[in-house]
Amino acid sequence: MSSVDAIVIGSGPAGITAALYLARSGCSVMLFEQMAAGGQVLQTAELENYPGFPKGIKGYELADLLSAHLEGLTVTRSSEAVTEVSGHAGAFTVKTAKSSVTGKVVVVCTGAHHRRLGVTGESWMQGKGVSYCALCDGNFFRGQPVAVVGGGNSALEESLYLAKLASKVYVIHRRDAFRGARIYLDKLEAMPDKVEIVRSSTVTALHGDNALEGVTVTNVNTGEERRLDVQGLFIYVGFEPGTAFLPAAVERDAQGFIVTDAEMRTNVPGIFAAGDVRAKLCRQVITAAGDGATAAQAAFVFLEQLHA
Ligand code: NAP
């Protein structure tokens, strides 16, 4: 079994930054990246609010740059999925289906995955019209009407992306007010021929025998039902954290996000968490990277105290 100073789980902006800072501090690092580096950045068409890129940067370009930043450093990378973390500070064991590695500290940066809407037929229609990734699947609906569900930044941003491809985009939100940024809503409202905002409504039924042919939306105030003939339904109703492999002793909030202090320490000594997997207000690439840097520094100080 190999042994390192620090094990970083997850290779989105938080994990890459944590690995980068730990390696530059002289630590040996094992980085588990279940998919390609970048995390949710890879599913984002364009980032407009990442400082330093005033003209925006494509998600895949930023992901490539993040990954390249680890080249030549003391970081071993594994694409195996972590199934279990056990042990204690100074001697954690991280297991995958095929192997184990020990580390003195663990930094959890596993982000979050898309929440399901919970409407009947959602699972079997995934890939047959229902999608959680406009960037991956939007092109299948070129010239066709689609709907987006949700009122956060993801729903609004992806609606703007889909408006470039689809013939019509319905943005369905369960409330009147949106929690996403005003700037995105303004852009959508400026395209009344292309975009229709369906407020205070939920998707209550999916239609289609072999693939999606339409959805029923129900107004939550009046109960009035309306059928939208869309071939694509893009669901952006928030995220759930990926923490199933962690010991129950690691404190989570009511939604399952890991609770940390300002220095990314969890309640279990030697386990740190950074990025979207953490309970916090602002989930952005920039804050994930900031968390990763803070977690790395806190883990480095912890390692020094272990060795003292
Ligand atoms: P979010 O901010 O949690 O928003 C989820 C949306 O889905 C909310 O509008 C919520 O409605 C709605 N919703 C939740 N459950 C629902 C259900 N069962 N049926 C119908 N609607 C439901 O999630 P997000 O938009 O994915 O964003 C996640 C985080 O990433 C946020 O912090 C966001 O700011 C950040 N983000 C930032 C950017 C950016 O700045 N460029 C881009 C993407 C994401 P209610 O509003 O009624 O609760």
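The values are calculated or read from the model by the stated rules, or taken from the named source; none is laboratory data. All figures in this text were calculated on a predicted structure; none of them were measured in a lab. No Cβ is skipped: glycine too gets one built from the backbone with ideal geometry, and neighbour counts run over all protein chains shown.
Would you confirm, using the coordinates I've provided, whether residue 232 is modelled with pLDDT of 95 or more, on the phi > 0 side of the Ramachandran plot, more than 12 Å from the ligand (Cβ to nearest atom) and surrounded by 14 or more Cβ atoms within 10 Å (Cβ to Cβ)? So that I can check it myself, show each step before the final result.
Working: modelled with pLDDT of 95 or more: yes; on the phi > 0 side of the Ramachandran plot: no; more than 12 Å from the ligand (Cβ to nearest atom): yes; surrounded by 14 or more Cβ atoms within 10 Å (Cβ to Cβ): yes.
Here the answer is no, as residue 232 does not meet what is asked.
Candidates 37, 45: the one that is at pLDDT below 95, over 29 Å from residue 97 (Cβ atoms) and hydrophobic (A, V, I, L, M, F, W, C) is 45. The number of residues in segment 121-154 that are free of Cβ contacts under 8 Å to residues at least 60 places away in the same chain and farther than 25 Å from residue 48 by Cβ comes to 5. If you go through segment 154-192 and keep only what is aliphatic (A, V, I, L, M), assigned to a helix (DSSP H, G or I), within 10 Å of the ligand (Cβ to nearest atom) and out of contact with any Lys or Arg (no Cβ under 9 Å at 6 or more places or on another chain), you end up with 155, 183. Checked against (1) under 30 Å from residue 50 (Cβ atoms); (2) surrounded by fewer than 16 Cβ atoms within 10 Å (Cβ to Cβ); (3) modelled with pLDDT of 95 or more, residue 84 passes all but a single condition, namely (1).
Would you please name the residue that is modelled with the lowest pLDDT, looking only at residues in segment 134-153 that are within 15 Å of the ligand (Cβ to nearest atom) and under 20 Å from residue 229 (Cα atoms)?
First pass over segment 134-153, keeping only residues within 15 Å of the ligand (Cβ to nearest atom): 134-135, 147-153.
With under 20 Å from residue 229 (Cα atoms) added as a condition, the list becomes 134, 147-150.
Numbers: 134: 93, 147: 98, 148: 98, 149: 98, 150: 98.
Among those residues, the one meeting the criterion is 134.
Filtering segment 113-153 to residues that are in a loop (DSSP other than H, G, I, E, B), under 16 Å from the mean Cα position of the chain (by Cα) and over 20 Å from residue 198 (Cα atoms) leaves 115, 133. Note on segment 58-104: residues that are farther than 15 Å from residue 39 by Cβ and in contact with a helix residue (DSSP H, G or I) (Cβ under 8 Å, 6 or more places away or on another chain) amount to 6.
Name the one entry in 217, 198 that is in contact with a His (Cβ under 8 Å, 6 or more places away or on another chain), touching a residue at least 24 places away in the same chain (Cβ under 8 Å) and crowded, with 17+ Cβ neighbours inside 10 Å. Outline the logic, then answer.
Numbers: 217 fails: in contact with a His (Cβ under 8 Å, 6 or more places away or on another chain).
None of the other options fit; the residue is 198.
Residue by residue through segment 280-308, note down the ones that are under 21 Å from the mean Cα position of the chain (by Cα) and assigned to a loop (DSSP other than H, G, I, E, B).
280, 281, 282, 283, 284 - these are the residues of segment 280-308 that are under 21 Å from the mean Cα position of the chain (by Cα) and assigned to a loop (DSSP other than H, G, I, E, B).
Among the residues making up segment 256-279, those that are surrounded by fewer than 18 Cβ atoms within 10 Å (Cβ to Cβ) and within 15 Å of the chain's Cα centre (by Cα) are 256, 279. Filtering 268, 237 for residues that are part of a loop (DSSP other than H, G, I, E, B) and closer than 30 Å to residue 214 by Cα leaves a single hit, 237. Examine segment 183-193 for a residue that is within 21 Å of residue 131 (Cα to Cα), of a type in the set (D, E, K, R) and either touching a Cys at 6+ places or on another chain (Cβ under 7 Å) or assigned by TED's automatic domain parsing to the domain that holds residue 143 (or both), and state whether such a residue exists. The answer is no; no qualifying residue exists.
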